[in-house]
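Q: Dumping the structure here so I can ask a few things about it.
The values are calculated or read from the model by the stated rules, or taken from the named source; none is laboratory data. A quick note: this is a predicted structure, and the numbers were derived from the prediction, not measured. Reconstructed Cβ throughout: ideal geometry from the backbone, glycine too, with neighbour counts over all protein chains shown.
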């Protein structure tokens, strides 16, 4: 999948720059240690034009993620929302996936960040796993221990566990894993959000969840909306 071309704009530290002209900091903690915070936001083409879903709440959560792990976040929410709409317009995007990313400045020590950068990118990206039923496995991998990293923070380095779990599931023929926590409860899947509200909706509409057993691991099939 191609995420950008020579005409793609990104928002970086208060200005719009071409995506192919941005540079990677080779001496920052974000690249070496995964010390950065992310968000995943959706924009939809509606009868009232393009609308970003819960934009303010997502940027507030991004701020909270940074605060929890000591990454400076000097930006205000409302200007970030306005810049995001502007970014969508510059890229002629009506429905899009938006990825804000806060990285740290140059520092190779294991000390809190003193400087930070924000970049916002956007591209067309449909449902991660399509719109059909998906096959979900129970992963042998656990979600990160909340006593090692704040569970409510979306920190880039934590997603290595999701990559491993997803790779293990797809190698066994499944679409998506569901991971245990350290307290032996199942949590949401890496690529999709499966909330209690959605589960109840699925049950009401489909009457039941359809369970099946794979070699050594149980799984369930869930409809995607």
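Q: For residues in the stretch 15-30 being in contact (Cβ under 8 Å) with a residue 60 or more places away in the chain and over 19 Å from residue 96 (Cα atoms), which is farthest from the chain's Cα centre (by Cα)? Explain how you work it out, then say what you get.
A: Filtering the stretch 15-30 down to residues in contact (Cβ under 8 Å) with a residue 60 or more places away in the chain leaves 16, 19, 22, 25, 27-30.
Checking which are over 19 Å from residue 96 (Cα atoms) leaves us with 22, 25, 27-30.
Details: 22: 21, 25: 21, 27: 24, 28: 21, 29: 19, 30: 16 Å.
So, considering only residues that are in contact (Cβ under 8 Å) with a residue 60 or more places away in the chain and over 19 Å from residue 96 (Cα atoms), the one farthest from the chain's Cα centre (by Cα) is 27.
Q: Quick check on my filter: what residues within the stretch 67-84 are in contact (Cβ under 8 Å) with a residue 24 or more places away in the chain, within 19 Å of the chain's Cα centre (by Cα) and within 24 Å of residue 17 (Cα to Cα)?
A: Scanning the stretch 67-84 gives 71, 73, 80, 81, 84.
Q: Moving on. Among (1) closer than 29 Å to residue 50 by Cβ; (2) surrounded by 18 or more Cβ atoms within 10 Å (Cβ to Cβ), which single condition is residue 139 missing?
A: (1)
Q: Taking the stretch 115-149, which residues are closer than 20 Å to residue 60 by Cα and modelled with pLDDT of 90 or more?
A: 115, 116, 117, 118, 119, 120, 121, 122
Q: Ok, one more. Determine if the stretch 33-54 includes at least one residue that is under 29 Å from residue 170 (Cα atoms), buried (at least 18 other Cβ atoms within 10 Å of the Cβ), without any contact (Cβ under 8 Å) to a residue 60 or more places away in the chain and within 15 Å of the chain's Cα centre (by Cα).
A: Yes: the stretch 33-54 contains one or more residues that are under 29 Å from residue 170 (Cα atoms), buried (at least 18 other Cβ atoms within 10 Å of the Cβ), without any contact (Cβ under 8 Å) to a residue 60 or more places away in the chain and within 15 Å of the chain's Cα centre (by Cα).
Q: Further question: Looking at residue 98, is it surrounded by 20 or more Cβ atoms within 10 Å (Cβ to Cβ), within 17 Å of residue 43 (Cβ to Cβ) and at pLDDT 90 or above?
A: Spelling it out, residue 98 is indeed surrounded by 20 or more Cβ atoms within 10 Å (Cβ to Cβ), within 17 Å of residue 43 (Cβ to Cβ) and at pLDDT 90 or above.
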